[in-house]
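First up is the structure itself, then whatever we jot down about it.
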Amino acid sequence: MPGPDPDRLLIEEHNPRFARVCFQAYDWTGNNGNRRKRAMAILRRLRWGTWRCRGCGDELPDYVRADALYCGNKCRKKAARERRAARSAGCCDA
Ligand SMILES: [Zn+2]
């Protein structure tokens, strides 16, 4: 599945108390349901302070999915490697 259109959404204010997300309506149709939903989801996460990468802890870039957990493949794969290593080390065995 392709990622969201990278240029049509802009996080204008990152401060959780005053967070502001702008989006551009679809060309021609004026139908902007999905972009609005995505903007609302990102805004919610900014307000809750969860718009951060689980790997490096940096704020997520504005071109990732609204439910993204990592800022990119580098952090996502690093986390997967660590999970795998922890599993094979048997740290969770009784
Ligand atoms: Zn990261």
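Quick note: the coordinates plus some simple rules give every number you see, no bench work behind them. Because the structure is a prediction, the values reported are computed rather than measured. Note: ideal-geometry Cβ built from the backbone for every residue, glycine included; neighbour counts use all protein chains shown.
Using a Gaussian network model of the chain with C-alpha springs under 10 Å, which one of Arg76, Arg17, Arg54 is most mobile by mean-square fluctuation? Sorting by GNM fluctuation, first place goes to Arg17. With helices as the sole contributors, the chain gives -11500 deg cm²/dmol at 222 nm; each DSSP H run of n ≥ 4 counts as -39500 (n - 2.57), and the sum is divided by every residue. Neighbours of His14, meaning other residues whose beta-carbon lies under 12 angstrom from its beta-carbon, give a summed charge of 0 when Lys and Arg score +1 and Asp and Glu score -1. Rounded to 0.05, the FRET efficiency of the Ala89 and Arg65 pair, given R0 = 30 Å and the Cβ-Cβ distance, is 0.45.
Round to the nearest 10 and give me the degree value, 0 to 90, for the angle of helix 73-89's Cα axis relative to the longest principal axis of the chain. For 73-89 against the chain, the angle is about 30 degrees. Using a simple spin-label model with pseudo-atoms 7 Å out from Cα toward Cβ, Lys78 and Arg54 lie 1.5 nm apart. A Cβ-based charge dipole, computed about the Cα centre of the chain with Lys and Arg at +1 and Asp and Glu at -1, lands at about 380 debye.
Each residue of segment 39-48 was assigned a 3J(HN,Hα) from its phi angle through the Karplus expression (A = 6.51, B = -1.76, C = 1.60, θ = phi - 60°), giving 4, 5, 5, 5, 4, 4, 5, 4, 5, 7 Hz with x at Gly and Pro. Working from label points 7 Å from Cα in the Cα-to-Cβ sense, the Lys37 to Asp7 distance is 2.5 nm.
Taking amide H as placed 1.01 Å from N in the peptide plane, the amide H of Val21 sits under 5 Å from that of Glu12, each at least 5 places away or on another chain.
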